[in-house]
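A.B. asks: One structure, pasted below without further comment.
The values are calculated or read from the model by the stated rules, or taken from the named source; none is laboratory data. Because the structure is a prediction, the values reported are computed rather than measured. Here the Cβ positions follow ideal geometry from the backbone for every residue, glycine too, while neighbour counts run over all protein chains shown.
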Amino acid sequence: MSKIGNVISNIVSVLWFFGVILWTLLIMIFVFLIVIGDIKRTITTGFSSSAIGGMYMLLFGIVFFITGVVPPFRRCFYKYPWLHPFVTIYMMDLGILSLVESIIVKGYEVMSTPRHVISIILALAVLIGGRLLMCLYLKKRPVAINRNYRMQ
């Protein structure tokens, strides 16, 4: 790649990071808190709400897919080596929490105490099992970007 092309790619990467990725990361933190709040509110009130975690996960997935596919945007992962592991682990966590939220919401659709208890037990099992599977997967395949990698 020529020197000018390299400079342009770096500028595009920085603009993508501060224009899209940074805002997506901030929204991700709030979505995590919203999903936890929805689960807590559903359990305390006994009334089902909508499960929004999966929708936001799809939205974040699209943004990070574009970041990984488009070469100038992919430079964000090399310029900020913490970004790829953070996004990978956070998306796994959000996926597990979205599944737990869906189980709780489905369990609370009907006013039945045994069904509520079963949904809570199932949600806890999915939460613990999902976290264990995530830990085993990440132990076998650690997520890291080689900072010294040169893009072609």
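A.B. asks: Need pairs with beta-carbon distance below 6 Å; first residue assigned to a loop (DSSP other than H, G, I, E, B) and within the stretch 132-152, second at pLDDT 55 or above; sequence gap 6+ or separate chains.
C.D. replies: Every condition considered, the pairs that remain are Val143/Pro85; Val143/Thr88; Ile145/Phe77; Ile145/Pro81; Ile145/His84; Arg147/Pro81.
A.B. asks: Does at least one position in the stretch 10-20 carry a residue that is within 12 Å of the chain's Cα centre (by Cα) and not basic (Lys, Arg)?
C.D. replies: As a first pass, look at the stretch 10-20 and keep what is within 12 Å of the chain's Cα centre (by Cα): none.
Scanning the stretch 10-20, I find no residue that is within 12 Å of the chain's Cα centre (by Cα) and not basic (Lys, Arg), so the answer is no.
A.B. asks: Suppose the filter is surrounded by 14 or more Cβ atoms within 10 Å (Cβ to Cβ) and either more than 28 Å from His116 (Cα to Cα) or without any contact (Cβ under 8 Å) to a residue 12 or more places away in the chain (or both); does Thr44 pass it? Break it down stepwise before answering.
C.D. replies: Numbers: surrounded by 14 or more Cβ atoms within 10 Å (Cβ to Cβ): no; either more than 28 Å from His116 (Cα to Cα) or without any contact (Cβ under 8 Å) to a residue 12 or more places away in the chain (or both): yes.
No, not satisfied.
A.B. asks: Among the listed residues Ile39, Ile52, identify the single one that is more than 15 Å from the chain's Cα centre (by Cα) and either surrounded by fewer than 19 Cβ atoms within 10 Å (Cβ to Cβ) or closer than 30 Å to Ala123 by Cβ (or both).
C.D. replies: On the way: Ile52 fails: more than 15 Å from the chain's Cα centre (by Cα).
Only one candidate qualifies: Ile39.
A.B. asks: Right, another one. Among the numbered conditions (1) under 28 Å from Gly37 (Cβ atoms); (2) modelled with pLDDT under 90, tell me where Pro71 comes up short.
C.D. replies: (1)
A.B. asks: Can you name every residue in the stretch 82-118 that is under 18 Å from the mean Cα position of the chain (by Cα), more than 21 Å from Val35 (Cβ to Cβ) and surrounded by fewer than 14 Cβ atoms within 10 Å (Cβ to Cβ)?
C.D. replies: Once the filter is applied, which keeps residues that are under 18 Å from the mean Cα position of the chain (by Cα), more than 21 Å from Val35 (Cβ to Cβ) and surrounded by fewer than 14 Cβ atoms within 10 Å (Cβ to Cβ), the stretch 82-118 yields only Trp82.
A.B. asks: Here's a follow-up. Looking only at the stretch 1-14, which residues are part of a helix (DSSP H, G or I) and either under 14 Å from Pro71 (Cβ atoms) or at pLDDT 90 or above (or both)? Talk me through it step by step, then tell me what you get.
C.D. replies: First, pick out the residues of the stretch 1-14 that are part of a helix (DSSP H, G or I): 3-14.
If the condition is that a residue be part of a helix (DSSP H, G or I) and either under 14 Å from Pro71 (Cβ atoms) or at pLDDT 90 or above (or both), then Gly5, Asn6, Ile8, Ser9, Asn10, Ile11, Val12, Ser13 are the ones that fit.
A.B. asks: For Ser9, state whether it is surrounded by 14 or more Cβ atoms within 10 Å (Cβ to Cβ), within 30 Å of Leu133 (Cα to Cα) and either among the small types (Gly, Ala, Ser) or in contact with a helix residue (DSSP H, G or I) (Cβ under 9 Å, 6 or more places away or on another chain) (or both). Let's see the steps before the verdict.
C.D. replies: Values: surrounded by 14 or more Cβ atoms within 10 Å (Cβ to Cβ): yes; within 30 Å of Leu133 (Cα to Cα): no; either among the small types (Gly, Ala, Ser) or in contact with a helix residue (DSSP H, G or I) (Cβ under 9 Å, 6 or more places away or on another chain) (or both): yes.
No, not satisfied.
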